1. Can you say whether Val478 is open to solvent by less than 10 Å² (accessible area, probe 1.4 Å) and assigned to a helix (DSSP H, G or I), as far as the supplied structure shows?
2. Take Ser206 and tell me if it is buried (at least 21 other Cβ atoms within 10 Å of the Cβ) and part of a helix (DSSP H, G or I).
3. Among the residues in region 271-290, are any open to solvent by less than 10 Å² (accessible area, probe 1.4 Å) and farther than 30 Å from Lys186 by Cβ?
4. Between Val417, Val392, Val383, Val408, which is open to solvent by less than 10 Å² (accessible area, probe 1.4 Å) and farther than 18 Å from Glu193 by Cα?
5. Tell me, please, whether a residue that is closer than 30 Å to Leu609 by Cβ and either in contact (Cβ under 8 Å) with a residue 12 or more places away in the chain or within 22 Å of the chain's Cα centre (by Cα) (or both) can be found in region 377-387.
6. From the set of residues in region 565-598 that are among the aromatic types (Phe, Trp, Tyr) and in a helix (DSSP H, G or I), which is surrounded by the most Cβ atoms within 10 Å (Cβ to Cβ)?
7. Give me the helices (runs of 4 or more DSSP H) completely within region 210-311, filtered to those with at least 3 residues that are in contact (Cβ under 8 Å) with a residue 40 or more places away in the chain and touching a Phe, Trp or Tyr at 6+ places or on another chain (Cβ under 8 Å), ordered by residue number.
8. From (1) open to solvent by less than 70 Å² (accessible area, probe 1.4 Å); (2) in a helix (DSSP H, G or I), pick out the condition that doesn't hold for Asn466.
Amino acid sequence: MTISFNRVNPVSSRGILTFVIAGSSCCSLPSPELDTVPEEFTISITKFRKRWNQELLLHSLLPPPTMLKRSSGEETAGENEGKGETPAGGWKTAWILLANQALATLAFFGVGVNLVLFLTRVLRQDSAVAANNVSKWTGTVYICSLIGAFLSDSYWGRYRTCAIFQVIFVAGLGLLSFTSRRFLIKPAGCGDENTECRHPSSTGVSIFYVSIYMVALGYGGHQPTLATFGADQFDGNKQDQSRSREAFFCYFYFALNFGSLFSNTILVYYENSGMWTMGFLVSLASALLALLSFVAGYRKYRYVAPCGNPVVRVAQVFVASTRKWKLHPAKADQLHEVDGPESAIKGSRKIMHSQDFGFMDKAATKTPRDENEGKNHWRLCTVTQVEEAKCVLRMLPVWLCTIIYSVVFTQMASLFVEQGDVMHNKIGKFQLPAASMSVFDITSVLLCTGIYRQFLVPLAGRLSGNPKGLTELQRMGVGLIIGMLSMIAAGITEIERLKRVIPGEKASSLSIFCQIPQYVLVGASEVFMYVGQLDFFNGQAPDGIKSFGSSLCMASISLGNYVSSMLILIVMDITAKEERPGWIPNNLNDGHMDRWFFLLAVLTALDFLLYLFCSRWYKGINLEETTEMQVQQHEDLQLVSKV
């Protein structure tokens, strides 16, 4: 018997490797070789023949199905494609996730936007202590994003991670509503500007902190995974869907601000009037609706399989490099990489070799001992695994430069609110809550998002030749500059407020609407900075750590809150000595909060200079593109090798 290999292309353009098994007269005679044909050989031939017949039948009856690239680790949702139904993913599922984002954000900001006033009025904390507690809590919200990203990329996948953390989010809001009603709002209706609450019990305070940190864990773990899950609904390897993927991040941030619009207007008004429990219950209802709508779409989503623990993979690169410290790294074409279009990391495309961080190439340099020990990833890593670790190191300097901007951003939820609370906020008989001024930030984000997508992108694209308009790094730089201007505006507002302080009264005669410029500037800076960050970190992260890339944006906000808290403590320790009240005392009329805002403007300017250096140094990821034909040919060759 003879076996020959011929490549034929009977119907489609994709090459199919087939067997032609020719029989001769000698084969009909008894033969020891034929009597001892391995069973696995017969099974492989049978499977191959069955597959060949299925290919012919499929191509004769149906058009070529739309397949997802296995090299990027993507899977179909449910069994839609297997049944010939509408392919999973796309804008239909993306809109479900955008609605989920809006509802979850409404619920979150129903708690967060007025938290500083809840702490001062209901828990009776000092202004500086309350501002610090809000900063720590907000920081925890976003540090939890790293937990969610790790579980999503490594074990649970995007959908399961989002669902579990949303359940925790709903449970935290339920406990918060119960605690405020049962233990804290005493007497009923207290916590407005006129009625003081009784000193809270230690039990009530303890349960309160447990509940808000459950909210922090649930919302924080859910956010970056939801952003990445939304991007997964589009195939980045297709040009039209790649553009949709870029647009999704803009709409994602738009949905975030649209959801918070209700919280920052209607909910803030009722909470400011002492109806705190009702505000928390509305947040609970919104979070529950978000969870139910998310779960309802599970059959339609487009899923991406988790790629294993990235922490272990990165650690293996550093350990292998350290073990070969005295070894000179091999040339690029001699470094270890697996054959075929797929990488050794499950679900991740191959990454091309880069020249920077050359010492890490030692991890992919083969030695005789590596060949003897077999597949020991703590001694020998693939080029893709090494490049994954390099990508993390390259992104870190850029990420660190965004932390000072997050210090600027966090002022809006703390000191901007306290500043507005001591300004003239009455319109006739109506008293405008200080926290509701953030509606101008939200409006600015919504308008600037539309202006950027519809006008600035086409204009910048024509001028620069880049279809995206500005690059992600350029957008983040613009965001830093606008953020610096917002601090200057806040400082000028504070100077004017102090000039108009009425002796013996808490509020200045300066209208609260003088805060509009600083809120509008913060909103404009968000469109450039945070949308740019989401696009940049998600796009530059390798396939195996996409959620980690999205979480870096949230982690930046987290560290910004912690840095803000630390800076306030340092500033108060330096400026509040002897009889001096310091820059941010309990009575802001005795302080100099304007100097604090100007200090942040100076720090942002210095940070911008450092950012320019880091962005010029940065080199983008270089993925090795593979076609469906290459993937199929590799599978066929693997099948032949088994035969």
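The values are calculated or read from the model by the stated rules, or taken from the named source; none is laboratory data. These numbers come from a predicted model, not from an experiment. Neighbour counts are summed over all protein chains in view; Cβ atoms, including those assigned to glycine, are modelled from backbone coordinates with ideal geometry. Heads up: the accessible areas ignore ligands, DNA and RNA and are worked out on the full protein's heavy atoms, side chains in. Shrake-Rupley method; radii C 1.70, N 1.55, O 1.52, S 1.80 Å.
1. Values: open to solvent by less than 10 Å² (accessible area, probe 1.4 Å): no; assigned to a helix (DSSP H, G or I): yes.
When the stated conditions are applied, Val478 does not pass them.
2. So Ser206 does not fit the description; no.
3. yes
4. One residue alone meets the criteria, Val408.
5. yes
6. Looking only at region 565-598, we keep the residues that are among the aromatic types (Phe, Trp, Tyr), and these are 583, 596-598.
After this cut, where a residue has to be in a helix (DSSP H, G or I) as well, the list is 596-598.
Numbers: Trp596: 24, Phe597: 26, Phe598: 18.
In this case the residue turns out to be Phe597.
7. By residue number, 239-262, 276-296.
8. (2)
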